[in-house]
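> Got a structure here, written out as structure tokens. Questions coming.
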Amino acid sequence: MANNEFLNSLLREYEQKKLRAELDSEKRKEELYQKYPKLQEIEKELNDFAIKTSKNILLNNKFSLSDLNKKIEELKQKKEEVFKMANLPNDYLKPKYECSICKDTRLCLEK
Ligand SMILES: [Zn+2]
């Protein structure tokens with residue numbers, strides 16, 4: 001079926017674009033982490049904090065939402081400082097998708 005082949009190759013092309021954008025972002029991240037190990041530390045702290053927080057919520061422990069937001073804001077600010085120091089935009093590590101609407105998942109074409 002020629003139509004299916006066409007569709008498949010179109011989908012493959014989109015998948016490759018998406019993958020490329022993501023691999024590219026991973027590479028930028030690794031390079032940046034090597035240059036600024038502090039950034040990796042902050043990122044790790046953010047992740048650990050997110051895990052700890054979701055555990056707390058799951059276990060139904062009391063937690064203060066304002067404390068939580070304060071801590072996250074604090075870490076984000078630290079991150080922005082590193083980016084500023086490195087002279088890079090804050091979204092430097094985000095994958096650069098060709099289509100920012102569907103992030104190259106082609107979902108925007110399905111409507
Ligand atoms: Zn799109």
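> Taking square-rooted eigenvalues a ≥ b ≥ c of the alpha carbon gyration tensor, is the chain rounded, prolate or oblate, where a/c under 1.5 means rounded and, failing that, a/b exceeding b/c means prolate?
oblate
> Further question on the same structure: Roughly to the nearest percent, how much of the accessible area of the chain is carbon and sulfur, given a 1.4 Å probe?
53
> Could you sort Ser100, Ser9, Ser25 by accessible area so the largest value comes first, with the probe set to 1.4 Å?
Numbers: Ser100 95, Ser9 50, Ser25 10 Å².
So, going from the largest accessible area down, we get Ser100, Ser9, Ser25.
> Identify unpaired cysteines across the chain, taking unpaired to mean no other cysteine Cβ lies under 4.7 Å from the residue's Cβ.
Taking the Cβ cut-off of 4.7 Å, the unpaired cysteines of the chain are Cys99.
> Could you pull the accessible area for Lys38 with a 1.4 Å probe, rounded to 10 Å²?
About 100 Å², rounded to the nearest 10.
> If you don't mind, another one. For the stretch 2-110, what is the relative contact order in percent, using Cα pairs closer than 8 Å and at least 6 residues apart in sequence?
45
> Spelling out what I want: for every residue of the stretch 24-34, take phi, set θ = phi - 60°, compute 6.51 cos²θ - 1.76 cosθ + 1.60 (Karplus), and round to whole Hz; glycine and proline get x.
Residue by residue, the stretch 24-34 yields 4, 5, 4, 5, 4, 5, 4, 4, 5, 5, 5 Hz.
> What does the accessible area of Asp67 come to, in Å² to the nearest 10, when a probe of 1.4 Å is used?
Only protein atoms counted, so the area is about 90 Å².
The values are calculated or read from the model by the stated rules, or taken from the named source; none is laboratory data. Please read all numbers here as calculations on a predicted model, not as lab measurements. Cβ coordinates were reconstructed from backbone atoms using ideal geometry, including for glycine residues, and neighbour counts include every protein chain displayed. Keep in mind that these areas ignore ligands, DNA and RNA; they rest on the heavy atoms of the full protein, side chains included. Shrake-Rupley method; radii C 1.70, N 1.55, O 1.52, S 1.80 Å.
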